[in-house]
Amino acid sequence: MTGVALRPGTPEAGAPETGPARPPAPLSRRHRQRLVFLGVLCTAGWLASVLVGHYVDCGPELHRIGLAVHILALVLSFGTILVVDWLGLLWLLGKMEMHESGKLEAAAKPLIWGGLALLLVSGALISPDLTSTVTVVKLVAVLVLMLNGLSIAPAMHRLLALPPSTRFSELTKRLRLRLLIALTVSQTCWWTAVLIGLINSTLRRWTGA
């Protein structure tokens with residue numbers, strides 16, 4: 001999960017808009033500590049969801065409710081991230097300016113993280129099979145995409161301080177690479193989790209498990 005779509009910065013009058021854009025100062029120590037705390041919180045929530053789902057039998061009724069919530073949460077979070085990443089990709093290709101997607105990116109964050117929280121809660125109710133390799137891959141993909149969404153914060157901090165007309169080609173090589181990696185990891189993990197979840201759900205229906 002990247003949230004690559006951007007909010008506008010606040011450029012100074014007469015600031016040049018060509019050449020490599022120099023990023024501002026990195027995140028403060030307090031912000032970095034906050035990101036570390038959120039990373040630990042996400043990992044703990046993910047681990048709790050996996051352990052509860054594996055060791056606690058919630059019964060068929062809660063399983064059906066959990067599955068319904070799981071699907072709704074997936075539509076909410078994955079659908080939102082697709083739109084955000086698509087707008088980010090359009091900016092990477094020079095098809096739009098940063099400020100055109102800024103408001104959507106800001107509004108999308110609660111939907112994405114809220115959907116992920118519901119995925120963890122509902123995932124604890126649908127009894128994931130930890131003996132299945134593909135299920136483990138799916139669970140790891142969910143954890144990676146959450147941590148990826150947090151790890152991109154320093155790069156986003158640099159981008160938000162740039163003029164809204166800044167193009168991808170004007171960024172430093174390191175910043176361009178970081179954005180491309182985050183976008184690739186986000187889409188890879190999301191599609192991996194979605195496809196494996198779909199396959200597992202279909203197999204359960206066919207086998208009556």
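Remarks
- Accessible surface computed residue by residue for region 76-146, with neighbouring protein chains in place and a 1.4 Å probe, gives 45 Å² per residue.
- Using a Förster distance of 25 Å, the FRET efficiency for THR188-LEU130 (Cβ separation, nearest 0.05): 0.70
- Using a probe radius of 1.4 angstrom, the carbon and sulfur fraction of the accessible surface of region 146-205 is 67%.
- Dipole in debye (nearest 20) - region 132-209, about Cα centre, beta carbon charges: Lys, Arg +1; Asp, Glu -1: 120 debye
The values are calculated or read from the model by the stated rules, or taken from the named source; none is laboratory data. Keep in mind the model is a prediction, meaning the values are calculated, not measured. Glycine gets a Cβ as well: all are built from the backbone with ideal geometry, and neighbour counts include every protein chain shown. SASA here: full protein model, heavy atoms, side chains in, ligands and nucleic acids out. Shrake-Rupley method; radii C 1.70, N 1.55, O 1.52, S 1.80 Å.
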